[in-house]
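Novice: Pasting in a structure now, in structure tokens, and then I'll have a few things to ask.
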Amino acid sequence: MLRDNYRHKGMRRLLIDELRSDGITDESILTAMASLPRHFFLDKAFEEWAYRNKPFPIGNKQTISQPYTVAVQTSLLEVQPREKILEVGTGSGYQAAILALLGARVFTIERQELLYNRAKELLKELNFRNIRCFLKDGYKGLPEFAPFDKILVTAGAKEIPAALKEQLKIGGLLVIPVGQNGQQMLRLTRISESQFETEDFGRFRFVPLLEGIQKEDSLNGD
Ligand code: SAH
């Protein structure tokens, strides 16, 4: 059973204060993060870690992003209610849940079957009806549901996948960390069919964006 007690709530309030002092100003994002129990997205044994401003392992060499990083990426997306948002890298499902709490219709892709299954179950248990999970290679995006108002990549990409640029609406935003061994947080705005404007929001560190799908039984893969 998932329980959110006064101790969790207290730790969460402190985390939100920390994000505020680190320069996160968007109140709707802080409110969403204050309302969502991050400890639901970690293994129960590690509950204590859920409210530190740190990334944390979620199995198969993957991590739930640091709360600060979630707040920054979410701010850069400038989410509006009812927008169609594609997330690449479901991981724990936490970031997808934050986007959904902001009123977006979320399509989220994960390449590791184990994480996909876990996140899908959890988001269902938490009653997130506006999140759809897909076990696919996010490099290719989700052409059958394109175009998207916004696209968010939560793994470090060597280069920007062409499919993601193609699946963005004109006027839409693509937020993606790009680079090896540390990434630059880029935001592309699609100005026209063929033109994109790029802004750089500094250095972050993500697990790599990898190609292809990893089935549940190959636990010692990447
Ligand atoms: N957004 C997540 C954190 C993601 S960590 C959260 O809130 O918890 C990055 C995730 O991207 C990992 O789960 C990794 O398996 C996944 N990933 C990496 N390459 C991918 C690809 N090509 N397509 C889909 N998911 C990918």
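The values are calculated or read from the model by the stated rules, or taken from the named source; none is laboratory data. As the structure is a prediction and not an experimental result, all values here were calculated from the model. Note that each Cβ is placed from the backbone with ideal geometry, even for glycine, and that neighbours are counted across all protein chains shown. When the accessible area is computed, the model is the full protein with side chains, heavy atoms only, and any ligands, DNA or RNA have been set aside. Shrake-Rupley method; radii C 1.70, N 1.55, O 1.52, S 1.80 Å.
Novice: Obtain the nm distance between the two label points defined at residue 136 and residue 43 by a simple spin-label model: each point lies 7 Å from its Cα along the Cα-to-C-beta direction.
Specialist: Simple spin-label model gives 3.1 nm for this pair.
Novice: Please give the peptides 205-215, 18-28 ranked by average Cβ packing (other Cβ atoms within 10 Å per residue), highest first, as a rough proxy for protection.
Specialist: Answer by packing, highest mean first, reads 205-215, 18-28.
Novice: Moving on to the next point. Just to make sure I understand: if all protein chains stay in place, what is the order of 125, 199 by accessible area at 1.4 Å, largest first?
Specialist: Ranked list, largest accessible area first: 125, 199.
Novice: Related question: Report for region 54-221 the percent antiparallel among DSSP-assigned beta bridges with both residues inside it, nearest 5.
Specialist: Percentage antiparallel, nearest 5: 45.
Novice: Can you tell me, using C-alpha contacts under 8 Å and at least 6 residues apart, the relative contact order of region 54-221 as a whole percent?
Specialist: Normalised by residue count, the contact order of region 54-221 is 20 percent.
Novice: Something else about it: Just the number, please: carbon plus sulfur as a percent of the accessible area of region 54-221, 1.4 Å probe, no ligands or DNA/RNA counted.
Specialist: About 49 percent, which is the carbon plus sulfur part of the accessible surface.
Novice: Please compute the per residue accessible area over region 18-138 with all protein chains in place, 1.4 Å probe, rounded to a whole number of Å².
Specialist: On a per-residue basis, region 18-138 sits at 43 Å².
Novice: Report the label-to-label distance for residue 61 and residue 196 in nanometres (one decimal), using points 7 Å from each Cα along the Cα→Cβ vector.
Specialist: The modelled label-to-label distance comes out at 2.6 nm.
Novice: How big is the charge dipole of the chain about its Cα centre, in debye rounded to the nearest 20, if each Lys and Arg gets +1 on its Cβ and each Asp and Glu gets -1 on its Cβ?
Specialist: Taking the Cα centre of the chain as origin, the dipole is about 460 debye.
Novice: OK, next. Work from the charge dipole of the chain (Cβ charges, +1 for Lys and Arg, -1 for Asp and Glu, about the Cα centre) and give the residue of 170, 69, 114 farthest towards its positive end.
Specialist: Highest projection toward the positive end goes to 114.
Novice: Could you tell me how far the Cα centroid of region 50-92 sits from the Cα centroid of region 146-199, in Å?
Specialist: 16
Novice: Also, quick follow-up: Can you tell which of 191, 126, 99 lies farthest toward the positive end of the dipole of region 54-221, using +1 and -1 charges on the Cβ of basic and acidic side chains (Lys, Arg; Asp, Glu)?
Specialist: 126
Novice: In addition: Does region 1-91 come out rounded, prolate or oblate by the C-alpha gyration tensor, with a ≥ b ≥ c the root eigenvalues, rounded set by a/c under 1.5 and, if not, prolate when a/b is larger than b/c and oblate if not?
Specialist: The shape class here is oblate.
Novice: Using just the helices of the chain, give the 222 nm mean residue ellipticity in deg cm²/dmol: DSSP H runs with n ≥ 4 each add -39,500 (n - 2.57), and the total is spread over all residues, rounded to 500.
Specialist: -8500 deg cm²/dmol
Novice: Hey, with R₀ at 35 Å, roughly what FRET efficiency would residue 21 and residue 80 work out to, going by the Cβ-Cβ distance, to 0.05?
Specialist: For R0 = 35 Å, the calculated efficiency reads 0.85.
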